[in-house]
Amino acid sequence: MRKKVIIATKNQGKAKEFKRMFAPLNYDVLTLLDMPEIEDIEETGVTFEENAILKAEGVANQLNSLVISDDSGLVVDALEGRPGVYSARYAGEEKNDEANIDKVLSELTDVPGGDRTARFYCVLAVAGPGIETKTFAGVCEGEILRERRGANGFGYDPIFFVKEKQKAMAELRPEEKSEISHRGSALKRLERNLSSLVPKDDAK
Ligand SMILES: O=c1[nH]c(=O)c2ncn([C@@H]3O[C@H](COP(=O)(O)OP(=O)(O)OP(=O)(O)O)[C@@H](O)[C@H]3O)c2[nH]1
Ligand SMILES: [Mg+2]
């Protein structure tokens, strides 16, 4: 029988990737895109971990069910770590991927090849009734290109050059991206540690 997992995200790109990654494990993925009644959780944390925990616990409390959240973003060395936890809204509250890319490219115009290093971070948090919230992180190293390449993925993928593959993230097939991505490695870590989800003290 197929099982269900709830991912606390409203991001279409993440939702697609999670559906694909969970399919071989025999899980159907439900996201907040399927549950418009869930109230928005404000991302007031200053780290990916804090925001991931806020989203997982906020949604788990509303649903009284086990959920996984994903807080992720792009960290650019020459921009002192920006856009970081503000990646989704870097160019404005309306979360526009194209405007976000344009902003990063223009801020890096004068930054030479070797100094354009960057990485994607992803923190997955698992929360639910009676369990201690846990987080699992993943990182993917790369460099910021001077122009867009490729049509796959979402967010900053067209300007993120993946060292390991010598291609832009948006040039990778979805399964190739999941193999090396920040989200793929965080999920592998979560899978390996599922048995470490322990009951909260007060629920014992
Ligand atoms: O090129 C990219 N490839 C990726 O694989 C990726 N993962 C994250 N990001 C960027 O980081 C923001 C997350 O911010 P975020 O974690 O707050 O999510 P979000 O607000 O979009 O949705 P939600 O999950 O909070 O509902 C996203 O919008 C993107 O701009 C990525 N960009
Ligand atoms: Mg968000």
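Brief remarks on what is shown
- Taking the criterion of being buried (at least 16 other Cβ atoms within 10 Å of the Cβ), of a type in the set (D, E, K, R) and in contact (Cβ under 8 Å) with a residue 24 or more places away in the chain, the residues of region 164-186 that qualify are Lys177, Arg183.
- Out of Glu132, Glu175, Glu164, Glu141, sole residue that is in a helix (DSSP H, G or I) and of a type in the set (Asp, Glu): Glu175
- Among the residues making up region 1-25, those that are part of a loop (DSSP other than H, G, I, E, B) and of a type in the set (S, T, N, Q) are Thr9, Asn11.
- Residue ID - surrounded by the most Cβ atoms within 10 Å (Cβ to Cβ), chosen from residues in region 1-35 that are more than 19 Å from Leu190 (Cα to Cα) and within 16 Å of ligand 2 (Cβ to nearest atom): Leu32
- Matching residues, region 73-82, being over 18 Å from the mean Cα position of the chain (by Cα) and either polar (S, T, N, Q) or part of a loop (DSSP other than H, G, I, E, B) (or both): Glu80
- Test: residue in region 27-45 that is part of a helix (DSSP H, G or I), touching a residue at least 60 places away in the same chain (Cβ under 8 Å) and in contact with a strand residue (DSSP E or B) (Cβ under 9 Å, 6 or more places away or on another chain): no
- Within region 60-82, the set of residues being within 12 Å of ligand 2 (Cβ to nearest atom) and of a type outside the set (Gly, Ala, Ser) comprises Asp70, Asp71.
- Gly130 crowded, with 17+ Cβ neighbours inside 10 Å, on the phi > 0 side of the Ramachandran plot and in contact with a Pro (Cβ under 9 Å, 6 or more places away or on another chain): no
- Residue identified as without any contact (Cβ under 8 Å) to a residue 60 or more places away in the chain, assigned to a strand (DSSP E or B), of a type in the set (A, V, I, L, M, F, W, C) and in contact with an Asp or Glu (Cβ under 9 Å, 6 or more places away or on another chain) among Ala125, Ala118: Ala118
- Unmet requirement for Phe161, which otherwise passes all of (1) touching a residue at least 24 places away in the same chain (Cβ under 8 Å); (2) surrounded by 14 or more Cβ atoms within 10 Å (Cβ to Cβ): (1)
- Residues (within 13 Å of ligand 2 (Cβ to nearest atom), assigned to a loop (DSSP other than H, G, I, E, B) and surrounded by 12 or more Cβ atoms within 10 Å (Cβ to Cβ)) located in region 83-115: Tyr90, Lys95
- Residue in region 169-182 that is nearest to the chain's Cα centre (by Cα), counting only those that are under 14 Å from Tyr156 (Cα atoms) and of a type outside the set (A, V, I, L, M): His182
- In region 74-101, the residues that are on the phi > 0 side of the Ramachandran plot and either away from ligand 1 (no atom under 11 Å from the Cβ) or at pLDDT 95 or above (or both): Glu80, Gly81, Gly84, Gly92
- Failed criterion for Phe136 (all others in (1) of a type outside the set (Asp, Glu); (2) in contact with a Ser or Thr (Cβ under 6 Å, 6 or more places away or on another chain); (3) more than 12 Å from ligand 1 (Cβ to nearest atom) hold): (2)
The values are calculated or read from the model by the stated rules, or taken from the named source; none is laboratory data. A quick note: this is a predicted structure, and the numbers were derived from the prediction, not measured. For neighbour counting, all protein chains shown are included, and Cβ atoms are generated from backbone atoms with ideal geometry for every residue, glycine included.
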